[in-house]
Amino acid sequence: MLAIESSCDETACAIVDGFEVRASVVASQIEVHARFGGIVPELASRHHLTAIVPVIEEAMERAGVASFAELDALAVTDGPGLVGALLVGVQAARGIAAATELPLLGIHHMEGHIFSALLGDHERAARPFEPHLALLVSGGHSELVDVRGLGDYAILGATRDDAAGEAFDKVSKMLGLGYPGGPIIDRLAAEGDPAAIAFPRAMLSDSKNLEFSFSGLKTAVLVHIEEHGQPASRGHLADICASFQAAVVDVLVTKARRARARVGRRRIHVVGGVSANRGLREAFAAAAVADGFELEIPPLRYCGDNAAMIAAAAAARIAAGARPRVDVAASVALDDPRLSLS
Ligand code: KG4
Ligand code: ZN
């Protein structure tokens, strides 16, 4: 299977055999957008256009696939995402499909993230599907999803305002640290005291509420900077990062634990760009021991956007007999009926 992902700011192509990744190439546009402090959609589309063919060629070469004739199927992210960016990947995939007559499956970006937890873990991937809880945390999403089956997703809670990754990016910008903020704050947080500043944990007191809100936390960081000035020392900067990260992690872990208890699943998958966060990974590992649940977090290279996860979801859909179809949509929820297999 050859899969393409271009929904946001990474141009990616992967060649995957079942859950075995033969090649996963990701061309990041971070440098293009960094000086704007966020993604500029028009620039993203243009850079996808120039990157897409070399990225596909590189993936084929690394996988040792000499021609499209060696492939069985094609997959592409068809939403949600920036529409101009999505279209570049979709049109490339459609072109290959037209030339080869291979089946082409459109995959929901977040369904790809859900399946990313299985990549590189053959034992896990070989076991029969078991319903589980997924925490999806990326630059555009923060959701708790009950994964009842393939294409059968119940959204238990989502963010009312900013996504978790977006909060990392905005706080990083406030502190003048650069884009994307997640990895930078993650690194600095390791040097700081997470208890230095008591930042708010939104909506934690209501134990039934599985929604998230990160905009108040973002404002609290801004107020702290206004009151104390931009941190003059690396120590103070690290304390802000550690305290902010601890507040995000606390909310994500606490709500995921509650959600798992409510739906009665044995396993939690933590996926999406923010699942690379060290503080989050450690807190979930501790919670898994304390509560006795199984934890799946993808290897770091599959936390951020990549095409291998799109191939993994497509492989599962093909195995389940899904019809090949592509419906480009900038905005489509995981519980949209079009994802349903029935
Ligand atoms: O899944 P992803 O690559 O793209 C989207 O689908 O949005 O997620 C990107 C987000 C960004 O907001 C980035 O700052 C965040 O993931 N991120 C992190 C870390 N690495 C990436 N957030 C916290 N800690 C990290 N180590
Ligand atoms: Zn993503």
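The values are calculated or read from the model by the stated rules, or taken from the named source; none is laboratory data. Here the structure is a predicted model, which means the values were calculated and not measured. Reconstructed Cβ throughout: ideal geometry from the backbone, glycine too, with neighbour counts over all protein chains shown. Calculation scope for accessible area: heavy atoms of the full protein, side chains included, ligands and nucleic acids excluded. Shrake-Rupley method; radii C 1.70, N 1.55, O 1.52, S 1.80 Å.
Which condition breaks for PRO80 when tested against (1) within 21 Å of the chain's Cα centre (by Cα); (2) within 30 Å of LEU175 (Cβ to Cβ); (3) more than 16 Å from ligand 2 (Cβ to nearest atom)?
Here PRO80 meets the rest and fails (3).
Mind listing whichever residues of the range 137-158 are out of contact with any Asp or Glu (no Cβ under 9 Å at 6 or more places or on another chain), within 16 Å of ligand 1 (Cβ to nearest atom) and more than 15 Å from ASN209 (Cα to Cα)?
Result: HIS141, single match.
Quick check on the range 162-175: of everything there that is outside any helix (DSSP H, G or I) and over 16 Å from ALA242 (Cα atoms), which residue is nearest to the chain's Cα centre (by Cα)?
The extreme case among them is ALA163.
Taking the residues in the range 273-314 that are in a helix (DSSP H, G or I) and among the β-branched types (Val, Ile, Thr) as candidates, determine which candidate is nearest to ligand 1 (Cβ to nearest atom).
It comes out as VAL274.
Go over the candidates GLN230, GLN245 one by one and state the one that is modelled with pLDDT of 95 or more, open to solvent by 20 Å² or more (accessible area, probe 1.4 Å), touching a Gly at 6+ places or on another chain (Cβ under 8 Å) and away from ligand 2 (no atom under 16 Å from the Cβ).
GLN230
Just to be sure, is LEU204 touching an Asp or Glu at 6+ places or on another chain (Cβ under 8 Å) and assigned to a strand (DSSP E or B)?
Against the criterion (touching an Asp or Glu at 6+ places or on another chain (Cβ under 8 Å) and assigned to a strand (DSSP E or B)), LEU204 does not qualify.
Looking at (1) in a helix (DSSP H, G or I); (2) within 16 Å of ligand 2 (Cβ to nearest atom); (3) farther than 30 Å from ALA261 by Cβ, can you tell me which one GLY182 breaks?
(3)
Being among the acidic types (Asp, Glu), open to solvent by 50 Å² or more (accessible area, probe 1.4 Å) and either within 16 Å of ligand 1 (Cβ to nearest atom) or over 25 Å from ILE310 (Cβ atoms) (or both): is that true of ASP161 here?
Details: among the acidic types (Asp, Glu): yes; open to solvent by 50 Å² or more (accessible area, probe 1.4 Å): yes; either within 16 Å of ligand 1 (Cβ to nearest atom) or over 25 Å from ILE310 (Cβ atoms) (or both): yes.
When the stated conditions are applied, ASP161 passes them.
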